[in-house]
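Data block below; observations after.
The values are calculated or read from the model by the stated rules, or taken from the named source; none is laboratory data. Everything numeric here is computed off the predicted structure, so don't read it as measured data. Using ideal geometry, Cβ is built from the backbone for each residue, glycine included, and neighbour counts are taken over all protein chains shown. When the accessible area is computed, the model is the full protein with side chains, heavy atoms only, and any ligands, DNA or RNA have been set aside. Shrake-Rupley method; radii C 1.70, N 1.55, O 1.52, S 1.80 Å.
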Amino acid sequence: MSSEPPPPPQPPTHQASVGLLDTPRTRERSPSPLRGNVVPSPLPTRRTRTFSATVRASQGPVYKGVCKCFCRSKGHGFITPADGGPDIFLHISDVEGEYVPVEGDEVTYKMCSIPPKNEKLQAVEVVITHLAPGTKHETWSGHVISS
């Protein structure tokens, strides 16, 4: 047996801990629709509409109106009903046919309520019946024609 006392304990030194305070910590995050100012759309598109809402809309009456405005890049527009009343919202996914609607096009449509309160209406199954005269119309594939 030796008479020497044991050495005093020393703090552990690990290679992994060296330099941790010098570099900023980054944390892996799951993708969130709220990061980067991307907010999920509350509007029911053809893809997100429930089956029961689709059935109710398809069984409803057909209305006539005129396209008030439509922005292809934003993906929506509005229809002015022929019988008067407030403008009806139009989503790009609900336009039938080969042409992008423009101001002045006569259309037929059916209506579906917009959740969650079901106070406002949205046009569905929108068909352009008469192209506005003297305007250029674009097909969904990008070809332009004059009417």
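Below, the figures for the structure above:
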read-out: Per residue value of the accessible surface for the stretch 51-140 (all protein chains in place, 1.4 Å probe), Å²; value: 57
read-out: 16 Å reach of a label modelled at ARG56, 7 Å along Cα-to-Cβ, counting backbone N of the stretch 107-147; value: 110-125
read-out: With every protein chain in place, the stretch 51-140: carbon and sulfur % of accessible area (1.4 Å); value: 56
read-out: Size of the stretch 51-140 as Cα extents on the principal axes (Å, biggest first); value: 38, 26, 21
read-out: Amide N of the stretch 68-99 lying under 16 Å from the label point, which is placed 7 angstrom from the Cα of THR135 along Cα→Cβ; value: 68-82, 88-92, 95-99
read-out: Rounded FRET efficiency, nearest 0.05, which uses the C-beta distance separating VAL144 from CYS71 and R0 of 22 Å; value: 0.85
read-out: 12 Å beta-carbon shell around ILE145, net charge (K/R +1, D/E -1); value: -1
read-out: Peptides ranked, highest mean first, by Cβ atoms within 10 Å: ranges 122-135, 72-85, 94-107; value: 94-107, 122-135, 72-85
read-out: Euclidean distance of C-alpha centroids, the stretch 104-120 and the stretch 55-88, integer Å; value: 6
read-out: Surrounding net charge for ILE88, when Lys and Arg each add one and Asp and Glu each subtract one, Cβ distance under 10 Å; value: +1
